[in-house]
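Below you'll find the structure, written out as structure tokens, and then a few comments.
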Amino acid sequence: MISLKNKNIFIAGGSGYLGSVLCEEILKLEGNIFLADQDIKKSELVIKKLQKKYSKSKIIFSHLNMIEPESISKNIKLAYQKFKYIDGLVNATFGSTSDKLSQLTAEKFNKTNQINLTGSFLLMRGVANKMKKGGSIVMFASMYGLVSPKMEMYPKNINPNPIEYGAGKAGLNQMVKYFSSYYGKNNIRINAIVPGPFPNITKAANNNKKFLSNLKNSTMLKRFGKPIETAKPTIFLLSDASSYMTGHSLIVDGGWTAW
Ligand SMILES: NC(=O)c1ccc[n+]([C@@H]2O[C@H](COP(=O)([O-])OP(=O)(O)OC[C@H]3O[C@@H](n4cnc5c(N)ncnc54)[C@H](O)[C@@H]3O)[C@@H](O)[C@H]2O)c1
């Protein structure tokens, strides 16, 4: 039922924990990818592996820094040069600090939200303006744009999910609605995917079994999500299987926000 055959998908943050699995799923469905990411080393590894496995697809890497408006417009230009048309855009980047609320500076708050908000805005608008035959855009938001982290769940050595991140992701959910209203007449669908806990487990967290088990037990399914479980819903939103969905925030959180 789901096909992305010959569809060209621009994935910002495509080398990340969730983004790289999404790239592979798109390639399995015979789509092509323009992978744009800030981390060149990590991207080279991801690209090498994918090119080896999916030699028939077009796989292009480009360095992107979501903080810099010129970098965003350069990437959009390059993607259109390489592909002529972009059918789908995914943004799986994010900015956050690991600072405590009491220590977070205005400068850091703004810098991270240049990625979550300003960069996302420029990327969405830049691509949408060029989608003359329509298309699908998916923004990675977060359950922490809908609800607050529970402060008492965090042990001393782990800072709670930070305020600038949740505020940015909440704004991203709203932007998705605004953009879908603005571009609906152009047959461009714009949705958010709202992941719950998909931790790429850190050493600090790994050492804290109680914290991890509290996190798991905050979901109804009593487990963390696997990257493939965000990839498949994202593919659904990119494909015609969701052709009447726009302005929607699809929550993929094992039930975390539904209690
Ligand atoms: N993993 C989770 O538990 C979780 C939960 C909720 C939401 N999300 C969202 O899902 C998306 C993917 O998260 P992830 O876990 O794969 O994170 P990740 O850190 O593994 O991947 C993010 C990618 O974005 C790239 N990136 C960061 N800053 C950038 C910039 N300024 N310009 C260009 N690229 C940049 C990084 O190099 C990285 O490859 C993010 O939007 C995140 O907020 C993740």
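Coordinate-derived values only; no laboratory data. Note that the coordinates shown come from a computational prediction; the quantities given were computed from them, not determined experimentally. Here Cβ is always computed from backbone atoms with ideal geometry, including for glycine, and neighbour counts include all displayed protein chains.
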Note, ASP240: beta-carbon cut-off 12 Å, +1 each Lys/Arg, -1 each Asp/Glu, net +2
Can you give me the angle between helix 163-183 and the longest principal axis of the chain, using Cα atoms only, in degrees from 0 to 90, rounded to the nearest 10? 30 degrees
Toy charge model, Lys and Arg Cβ at +1, Asp and Glu Cβ at -1: the chain dipole around Cα centroid in debye, rounded to 20, equals 600 debye
Label-point separation, HIS63 to ALA241 (7 Å along Cα→Cβ), nm: 3.7 nm
Distance between modelled label sites at LYS77 and ASN157, nm, 7 Å Cα→Cβ extension: 4.8 nm
Using Cα positions and a limit of under 17 Å, work out the aspartates and glutamates in reach of LYS222, with same-chain residues fewer than 8 apart set aside. ASP253
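Please give the peptides 9-18, 177-186, 23-32, 235-244 ranked by average Cβ packing (other Cβ atoms within 10 Å per residue), highest first, as a rough proxy for protection.
Working: 9-18: 24.8, 177-186: 15.1, 23-32: 20.4, 235-244: 17.6.
Per-residue mean Cβ counts within 10 Å order the peptides as 9-18, 23-32, 235-244, 177-186.
Let me know the shape class of region 144-259, please: from the alpha-carbon gyration tensor, a ≥ b ≥ c as square roots of the eigenvalues, rounded when a/c is under 1.5, otherwise prolate if a/b is greater than b/c, or oblate. Before the final figure, lay out each step's value.
Working: a/c = 2.84, a/b = 1.91, b/c = 1.48.
Prolate.
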What shape does region 1-92 have by the C-alpha gyration tensor, where a ≥ b ≥ c are the square roots of the eigenvalues, rounded means a/c under 1.5, and otherwise prolate means a/b greater than b/c and oblate the rest? oblate
Amide H neighbours of ILE193 at under 5 Å, excluding residues fewer than 5 places away on the same chain, with H built from the backbone geometry, are MET139, PHE140, ALA141, LEU250
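Just order 134-141, 251-258 by mean Cβ neighbour count inside 10 Å, highest at the front, would you?
Final packing ranking: 134-141, 251-258.
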Would you list, by chain and number, the lysines whose Cα falls below 17 Å from the Cα of LYS108, excluding same-chain residues fewer than 8 positions away? LYS100, LYS169
For region 8-258, inverting the pair-averaged 1/r of distinct alpha-carbon atoms gives a Kirkwood value in Å of 18.5 Å
What ranking, highest mean first, results for peptides 149-158, 89-98 when packing means the other Cβ atoms within 10 Å averaged over each residue? 89-98, 149-158
Helix 19-28 against the longest principal axis of the chain: what's the angle in degrees, Cα atoms only, rounded to the nearest 10? 40 degrees
The chain, Gaussian network, Cα under 10 Å: of ASN113, ASN187, ASN65, the residue fluctuating most is ASN187
Farthest positive-ward along the chain dipole, Cα basis, beta-carbon charges - from LEU18, MET139, ASN186: LEU18
